[in-house]
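The values are calculated or read from the model by the stated rules, or taken from the named source; none is laboratory data. These numbers were taken from a predicted model, which means no experiment stands behind them. Virtual Cβ from ideal backbone geometry, glycine too; neighbours counted across all protein chains shown. Side chains included, ligands, DNA and RNA excluded: accessible areas come from the protein's heavy atoms. Shrake-Rupley method; radii C 1.70, N 1.55, O 1.52, S 1.80 Å.
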Amino acid sequence: MNYTNKLVAGSPFPSVTLQDLEGNAHTLGKPRDGATWQMVLIYRGRHCPKCTQYLNQIEAYQEKLAEIGIDLVAASGDSKAQLEEHMTRLSVTFPLLYGLSEAQMKSLGLYISLPRSEQETDHNFAEPGMFVINEQGTIQAVDLSNNPFIRPDIETLVGGLTWIRNPDNNYPIRGTAPY
């Protein structure tokens, strides 16, 4: 059995740059539009109905995230053509990025799956991951899954991030005690 190196809370987020459908380059973990933090969602790809559902659901929270200074971006290992097809089932306004390579998936510590058939997809793909990167480029929060059915509840996630972002709470990065 192979094991991966998982990124841990409090560590620097690796530099990964991908493109959106308009050809704009986005560096994961680098917030846009005046935000100081960024939430990076990694999703399995167009073949995953749970990913489509989750991306469409989080769209409703994008404004709330922006209010607390968190930019939102999502990425997968799909090709440009696969993302273009997937867009027909998505109603999102945040950037969706394509072309996450297997080496980049490994650098992010993601679980990687083999397609079950050619009908599913034509490439190995990342299982869901969520990273919240703070203004220092450090991982504030991380959630990694090895299957499509385990993801953070969006309302709870955004509520918790709202609490963390309130300076009166002085909430540290959690999960950083040494082993």
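In the stretch 103-157, which residues are open to solvent by less than 10 Å² (accessible area, probe 1.4 Å) and touching a His at 6+ places or on another chain (Cβ under 6 Å)?
The answer is Thr121, and nothing else.
Looking at the stretch 128-155, I want the residues that are small (Gly, Ala, Ser) and have a partner that is open to solvent by 30 Å² or more (accessible area, probe 1.4 Å) with Cβ atoms under 6 Å, at least 6 apart or on another chain. Which pairs are those?
Once the first residue is small (Gly, Ala, Ser) and sits in the stretch 128-155, its partners that are open to solvent by 30 Å² or more (accessible area, probe 1.4 Å) give Gly129/Leu144; Gly137/Pro12.
What residue, of Asn134, Asn124, is among the polar types (S, T, N, Q) and either in contact with a Gly (Cβ under 6 Å, 6 or more places away or on another chain) or within 12 Å of Met39 (Cα to Cα) (or both)? Lay out the reasoning, then the answer.
Details: Asn124 fails: either in contact with a Gly (Cβ under 6 Å, 6 or more places away or on another chain) or within 12 Å of Met39 (Cα to Cα) (or both).
None of the others qualify; the one that does is Asn134.
Could you say whether any residue in the stretch 55-62 is in contact with a helix residue (DSSP H, G or I) (Cβ under 7 Å, 6 or more places away or on another chain), open to solvent by 70 Å² or more (accessible area, probe 1.4 Å) and not in a loop (DSSP other than H, G, I, E, B)?
Pass one, the stretch 55-62, residues in contact with a helix residue (DSSP H, G or I) (Cβ under 7 Å, 6 or more places away or on another chain): 57-58, 61.
Narrowing further to those that are open to solvent by 70 Å² or more (accessible area, probe 1.4 Å): 57.
Going one step further and asking which of them are not in a loop (DSSP other than H, G, I, E, B), we end up with 57.
Checked the stretch 55-62: at least one residue is in contact with a helix residue (DSSP H, G or I) (Cβ under 7 Å, 6 or more places away or on another chain), open to solvent by 70 Å² or more (accessible area, probe 1.4 Å) and not in a loop (DSSP other than H, G, I, E, B).
Name every residue in the stretch 67-78 that is outside any strand (DSSP E or B), on the phi < 0 side of the Ramachandran plot and open to solvent by less than 70 Å² (accessible area, probe 1.4 Å), in order of residue number. Full working, then the answer.
Restricting attention to the stretch 67-78, the residues satisfying the condition of being outside any strand (DSSP E or B) are 67-69, 76-78.
Okay, now just the ones that are also on the phi < 0 side of the Ramachandran plot, so 67-68, 76-78.
Within the stretch 67-78, Ile68, Ser76, Gly77, Asp78 qualify.
Picking from Pro12, Pro95, which residue would you name as being farther than 15 Å from Ala126 by Cα and open to solvent by less than 40 Å² (accessible area, probe 1.4 Å)? First the steps, then the outcome.
Working: Pro12 fails: open to solvent by less than 40 Å² (accessible area, probe 1.4 Å).
Only one candidate passes the filter, namely Pro95.
Conditions tested, residue by residue: (1) small (Gly, Ala, Ser); (2) open to solvent by less than 50 Å² (accessible area, probe 1.4 Å); (3) touching a residue at least 12 places away in the same chain (Cβ under 8 Å); (4) assigned to a helix (DSSP H, G or I).
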{"residue": "Leu18", "(1), (2), (3), (4)": "no, yes, yes, no"}
{"residue": "Gln38", "(1), (2), (3), (4)": "no, yes, yes, no"}
{"residue": "Arg46", "(1), (2), (3), (4)": "no, no, yes, no"}
{"residue": "Cys51", "(1), (2), (3), (4)": "no, yes, yes, yes"}
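So which residues in the stretch 106-121 are of a type in the set (D, E, K, R) and in contact (Cβ under 8 Å) with a residue 40 or more places away in the chain, if there are any at all? So that I can check it myself, show each step before the final result.
From the stretch 106-121, those of a type in the set (D, E, K, R) are 106, 116, 118, 120; that's our starting set.
Of everything in the stretch 106-121, those that are of a type in the set (D, E, K, R) and in contact (Cβ under 8 Å) with a residue 40 or more places away in the chain turn out to be Lys106, Glu120.
Output the residues belonging to the stretch 69-104 that are within 21 Å of Gln140 (Cα to Cα) and without any contact (Cβ under 8 Å) to a residue 40 or more places away in the chain.
Listed by number, the residues that qualify are Leu72, Ala74, Phe94.
Please pick out the residue among Arg165, Arg89 that is exposed (fewer than 15 other Cβ atoms within 10 Å of the Cβ) and not aliphatic (A, V, I, L, M). If you could, list the steps in order and put the result at the bottom.
Working: Arg165 fails: exposed (fewer than 15 other Cβ atoms within 10 Å of the Cβ).
Among Arg165, Arg89, only Arg89 is exposed (fewer than 15 other Cβ atoms within 10 Å of the Cβ) and not aliphatic (A, V, I, L, M).
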